[in-house]
Amino acid sequence: MKKINFILLLLFGGMFFANSQQVTKENYESAVSFMYANYNNKTAFNLFTNVYWFEDNSGIWFVDYSLDKRVYKTVNFKKKKVTELFDHTRLAKSLGEFFEQQVEANQLSLSNIQRTKEGNLTFSTNRKNVELNLSTYQVTEQERESQEPNNPYESKSPDGKWIAYTKDYNLFIKSTETDQEYQLSSQGKKGYEYASWYGWYDKMEGENGDRPKRFYVDWSEDSKWISTSIVDTRKAEKMYLLDWSIDSLYKPKLLSYYRGSPGDTTMVHLTPVFFNVDTKKEVKTSLPTATHINSVGAGWLKESGKLIAGYAERGYLRQYVKLLDLNTNKETTLVDETSDTGIDNFEYRTLESKGKLILLSERSGWRQLYMVDMNSGKTTSLTNGEYYINSIQHIDEKNETIYFLASGKEEGNNPYHQQLYRVNFKGKVKLLTPENEHHIINFSKDGKHFVDNYSTIQNPNKTVLRLAKTGKVIAELTTADISEAVSRGYKVPEVFTTTAKDGKTTIYGAFWKPTHFDPSKSYPIIDATYTGPHTQRFPKSFGGVFSEQSLAELGFIVVRVDGLGTSGRSKEFHDHSYKNMGDNLKDHVIAIKYLANQYSWIDGDKVGIFGHSAGGFDTGRALLAFPDFYKVGVASSADHDFRMEKAWWPEMYQGWPIDDTYEQVSNITNAKNLKGKLLLTHGGLDDNVNPSATFKLAEALIKADKDFDLLILPSQRHGYQGTHRLYFIKKRWNYFVEHLLGAKPIWNFKWE
C-alpha cells in the first residue's frame, strides 16, 4: 500500500511540477527590452518618422535611424530627391573642435534646424545655438537676440497704442503715448475677477491660500475691442490633496484646487465680457455665465467689432455657435444643435474671407463636414456617408478646399484606419492616400505638401512626402525596421474581429504573444483596457507594435479591444455607453471568450485586466461586475465613482442631471462583489483624478471584509514619472506573475 501511495505521489507530484509556471530572469530582461525607451531607434527603427519643415518652405529635414547610425536627410521641393543634409564626418570634426570634445559622426544630436538666406544651416546642439557654413564647415555660435522681458500680467494692443492690465481685480488700459490710464470695469473684487482665466491645475497652498494670479485679454486685430472673462470663485468648492513627499517637511502640505464634480452648482463660473476701447465702455451681450466645464469660447473676426462665440449647455445636449456684432448689438445664431445624448467631438472653423463657418458634427449619425453661410445662416452638407471624419488637417481658403482625415469610407477597409481626403465647397470628395492602411498626416505651412506616415499594426511604417493637390508621392523617406526583434522570435500582434453584444456589430481587437510562445502550453490572457468613450484602444499603426509586448514576455497573452460605446465609429455605436458606462466591458468578455474558443493555448479561466484612469475604473468594474470571469486586476489612478470625478467627463458620457445610474455603476457601491485579486494604486498628488475615490473604494472593501492590495505613490500626479513609474510597472508585472500565472515573481532585475 505504501508503495502504491509513493507511486501516486510521484505521479501527481510530477504532474504538479509539469503544469507549474516559471518566469526566469531572462523573461524579465526580454520584457524590459520591449519598453519604449529601450527599443525606439535603438533596436527598432523608424517606427514613426518626425519630419520638419524649413520656415522658408524650401523643403524638409528628418533623421533616418538604423542599427549603427543616424543620418540627417533632406528633400528640396524643387529637386524632389532625398539627400544627406550635410557631410556628417566634416560636421562631427567641426563640432568636436568647437566644443573641444569627441563627437561621433554617426551619433549627432541636432534640433531646430533651419536654412538661412545664404544657404547655410542653423541648429541647436549641446545647449548652444550655432550656424554651420556649408561651404567651409565652420561652426560659429549664434548670438541670442535680446528681448524685452515679457510681463505676463499685461498685454499690448496690436497697434502698440494701448497696454491692458488689471488693478484691484478690475481691467484697465493705459495709453503708451500719454500714460493716461482708463478704468474699464469697476465691479471686480477678490473672487470676482476681471481679465482673468481659470487654470485647470491651479493650486492653493495651506488652509486659506490664494489661487495663482491670472491675466488674459484678447485684442481685436484693429485694437478697437477687448474680449476677456470674469472669473467668479466666490461659491466654488475645492478638491484637496496632502503632499507627504517633501523631505524637508515633517507635516504634510495641504493643497487645494477648484474643480467641480458632476451635478455641482458650487463651481467656478466664467462670464464673457467685451469692451469698446474708443468709448471705454463694456458692451453687454446675451452670452451666458457658465461653469468652467462649459464656458463660452469667443474669437474676433477681422471686421471690427464682430466675433464668433461657441458654447454648450450644461449636460452637452445642446451646442451653440453665434455671430455677434458689437457695433449694433445684433446676435445671430449660426448653429443650434441638439441631441438626446451627449454632443461630443463638436468642432468649427471660421473662414471669414468666404463668409463661411466649417462645422464637424454627428447630427446625421456620422461625423461629417457642414458649411454654414454666416450671412444667410444656411447650412450645407459638404460630406455625406456612413463614415467618420476624424479631423480637419488643412483648409485652403483661397481655393475653397478642405483636407480631412476619415475612417471607414472605403469599402472593406478596417474602420479604425484613417485616410486623407479633400473636398471642395461644392461637396466633391477625392481620396489622396489610397493605401489601405492608417495614415498620419503633417501638412506644410503653405499647404502644398504633406508628410504621410502610413502603416498598420502588422505592416511596417512607411514615411513619404506627397503633393497636397493630388496625393502623389514625390519622395520616399524612411521604412520601419524591426528585424532585430524578429530575430529573437517576435511576431507582430494578431488582429481579430468578433460580434458585439448587440448581435450584429463587428468589433475589432488585437493580441500579443510572448516571443517564447509555445502552442502546446496554456497562457493566461490579460485585458489591457480603456473603455473611456472619448478614445480607442485598437492599435491602428505600427508605432504601437510593441505596446503590450513587455507584459506578454512574462508568459501572457495580452489583448486590446474596442467594444460598443467607444469613439470613432457611428453615433449609434458611440451612444451604447451613454448613461451606461458600467456595461462597457461586456464586449471585452465576449471577445476574450471568442479568443479562448478559437485558440487552445489561451486559458479562458485565467483572465486578468489592467487599466489607468478610466481604464482603472474598468479594472475595478471588471472584478466587481464580472467577478467569476476576471480573476486578477491592477487599477491605477482610477475614477471609481463618477460622482467624485471632474464634472465634464461624466456629465458628457454618464449624463446630467445626476441620476441613479451613477450609483449603479460605482465601484464603491459594488465593493461587496469582489472575489479575485485586486491591486489599487494612485498618485498622492493626482489633480486630474483625485485619489479620494480610491481611498473610498479601499474603505468600502475593508467594510465588506475583502482581501485587496493598495499602493499609494505619495509624490505622483496622474501620470507616474521616473523611478516611481518603473516601480509601479514592476508591481503590476509581478502582481500578474504571482496571482494570475501562479509563478514566483522576481524583484531585482535591471531596467536597461
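Quick rundown of the values:
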quantity: Binned Cα-Cα distance frequencies in segment 487-622 - 10 Å width, integer %; calculated: 13, 45, 33, 9, 1
quantity: Convex hull volume per residue for segment 586-642, taking Cα atoms only, in Å³; calculated: 72 Å³
quantity: Per DSSP, loop chymotrypsin sites (Phe, Trp or Tyr not before Pro) in segment 719-752 with at most 10 further Cβ within 10 Å; calculated: W747
quantity: Dimensionless Rg over Rh [segment 116-200; C-alpha; Kirkwood]; calculated: 1.29
quantity: Computed magnitude of the charge dipole of segment 467-550 (debye, nearest 20; Cβ of K, R +1, Cβ of D, E -1); calculated: 280 debye
quantity: E84 accessible area, assembled protein chains, probe 1.4 Å, Å²; calculated: 110 Å²
quantity: Gained length - E303 relative to Q721, 0.36 nm times residue gap less alpha-carbon distance; calculated: 145.7 nm
quantity: Additional length obtainable on full extension of the chain from W244 to Q458, 0.36 nm per residue less Cα span; calculated: 72.5 nm
quantity: Protection proxy ranking, peptides 373-385, 299-311, average beta carbon neighbours within 10 Å, highest first; calculated: 299-311, 373-385
quantity: Residues listed by number, segment 96-121, amide nitrogen under 18 Å from D87 label point at 7 Å toward C-beta; calculated: 96-98, 103-108, 119-121
quantity: Fraction of the pair-distance distribution of the chain above 37 Å, Cα-Cα pairs, percent; calculated: 53 percent
quantity: Lysine pair number, Cα distance threshold 24 Å (strictly under), segment 189-234, separation 8 or more or different chains; calculated: 5
quantity: Heavy-atom accessible area ranking, 1.4 Å probe, most first, across W648, W244; calculated: W244, W648
quantity: Too-long pairs where the Cα-Cα distance tops 28 Å, listed order kept, from K356/K571; K501/K571; K472/K504; K302/K398; K646/K750; K281/K354; calculated: K472/K504; K646/K750; K281/K354
quantity: Mean shadow area of segment 189-240, taken as a quarter of the surface of its Cα convex hull (nm²); calculated: 4.3 nm²
quantity: Peptides 281-287, 681-687 ordered by average Cβ neighbours within 10 Å, highest first; calculated: 681-687, 281-287
quantity: Charge dipole magnitude, Cβ of K and R +1, D and E -1 - the chain, Cα centre, debye nearest 20; calculated: 1040 debye
quantity: Dmax and Rg, reported as Rg then Dmax, of segment 549-608 (C-alpha, Å); calculated: 13.9, 39
quantity: Alpha carbon centroid spacing (whole Å) that separates segment 456-512 from segment 53-109; calculated: 29 Å
quantity: Among T380, F77, N453 - extreme Cα towards positive end, dipole of the chain, charges at beta-carbon; calculated: N453
quantity: Under the span-like rule (Cα at least 20 Å along the axis, Kyte-Doolittle mean at least 1.0), DSSP H helices of the chain; calculated: 2-19
quantity: H739 accessible area, assembled protein chains, probe 1.4 Å, Å²; calculated: 70 Å²
quantity: Volume of the Cα convex hull of segment 678-718, divided per residue and given in Å³; calculated: 52 Å³
quantity: Estimated inter-spin distance, D628 and V283, nm [label 7 Å along Cα→Cβ]; calculated: 6.8 nm
quantity: Convex hull volume of segment 267-361 per residue (C-alpha atoms, cubic angstrom); calculated: 97 Å³
quantity: Peptide ranges 203-212, 264-273 listed from the most packed, as the mean C-beta count within 10 angstrom indicates; calculated: 264-273, 203-212
quantity: Distance between segment 683-698 and segment 178-207 - C-alpha centres, whole angstrom; calculated: 30 Å
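The values are calculated or read from the model by the stated rules, or taken from the named source; none is laboratory data. Fair warning: this is a prediction, and the values are worked out from it, not measured in the lab. Glycine gets a Cβ as well: all are built from the backbone with ideal geometry, and neighbour counts include every protein chain shown. We work out accessible area using only protein heavy atoms, side chains counted, and drop any ligands, DNA or RNA first. Shrake-Rupley method; radii C 1.70, N 1.55, O 1.52, S 1.80 Å.
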